[in-house]
């Protein structure tokens, strides 16, 4: 399914099959949306994208999916898992090549920031080879409790 078919949802673990439509430009936005819904559902006010940790997680999802799409072939799967203190994300693509920087990071470049951001924002990250089937890049972001007075998840509005 082009919108990301939910295959399994157990407690705080979700797996989305992205094989259909993974080459489309909208796959990055779909992965961000799926992650944002999980953050709000699992972490409540602490999962609000206005807070640093969820914002970092959404940025990293965008970067990893973009890198997979740009350098790794088709994005085949997004997995999300949550614990009481962390969000764990896995993005699987069809290219077996491990991610590697293309020279030193330079802030003045328009691209080439994904791995640098992973190093700076993720609690930890890595890459698991899947043989000829590709690889999975994963990362973890520590989720902090929401500060007092943190914004609540917006609800429906009435006109």
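Every number in this text was worked out from the coordinates using simple rules, so none of it is lab data. What you see is a predicted model, and the numbers here were worked out from it, not measured in a lab. Glycine gets a Cβ as well: all are built from the backbone with ideal geometry, and neighbour counts include every protein chain shown.
At-a-glance table
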{"item": "Anisotropy class of the range 26-90 from Cα gyration tensor, a/c 1.5 cut", "result": "prolate"}
{"item": "Relative packing of peptides 79-86, 33-40 - highest average C-beta neighbours within 10 Å first", "result": "33-40, 79-86"}
